[in-house]
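Notes for the one structure printed next.
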Amino acid sequence: MTAFLYGFGVGFSLILAIGAQNAFVLKQGLKRQYVFLVCFTCALSDSILIYSGVAGFSEIIRGFPIIVDFAKYFGASFLFFYGAKNFYSALNNNESLIPSDIEKNSPYKILLLCLAFTWLNPHVYLDTIILIGSISIQFPNHTYLFGLGAMFASWVFFFSLGYGARVLLPLFKKTISWKILDFLIGVIMWSIAISLLL
């Protein structure tokens with residue numbers, strides 16, 4: 001259960017980062033336009049990527065155990081960088097997210113846009129396959145449980161964001177809300193990085 005919860009925490013903190021994909025899900029949720037399709041597509045895509053990272057690293061580690069140390073330090077370094085980026089954003093970002101109206105589109109167009117936001121984003125490969133995959137090896141006997149936790153975080157996040165968008169709209173209009181969120185993400189990233197090194 002510890003591996004599952006750790007995976008959930010890592011997955012949730014990574015996916016919280018504000019980006020094009022999350023903004024797209026938010027807009028669809030605010031417009032109540034194909035919300036289930038968008039949330040399902042994003043969560044399923046994340047699950048496929050996370051599984052690839054967890055399964056791939058597990059197989060590689062069996063043949064090259066020395067990669068454990070490399071992955072640990074690489075993962076910690078990446079998390080420190082990721083956290084620093086969020087701290088910088090918390091201090092310097094003065095923008096707010098105000099979703100604009102979008103015209104009615106076909107479900108096929110929405111699906112293609114959703115897939116593009118997900119699979120054409122280079123950061124998604126770093127977060128899911130490389131970072132989550134590398135952290136998962138810290139749980140040699142519960143690698144897939146860790147992966148399931150990270151996958152579950154994606155499903156919870158996307159469906160919460162998509163269907164809870166209208167409730168959250170007032171927060172997204174305030175700059176201070178994004179600053180607080182970025183700061184909290186930075187704290188979480190650095191905490192995970194330190195725990196990896198210890």
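FYI, it's all coordinate maths here, none of it is from the lab. Quick caveat: nothing in here was measured; it's all calculated off a predicted structure. Every residue, glycine as well, gets a Cβ built from its backbone with ideal geometry; the counts of neighbours run over all protein chains shown.
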Starting with the highest mean, order 48-54, 146-152, 187-193, 160-166 by the number of other Cβ atoms within 10 Å, averaged over the residues of each peptide. 146-152, 48-54, 187-193, 160-166
Reachable lysines, given that their alpha-carbon falls under 30 Å from the alpha-carbon of K173 and they are not under 8 places away in the same chain: K27, K31, K85, K104, K109
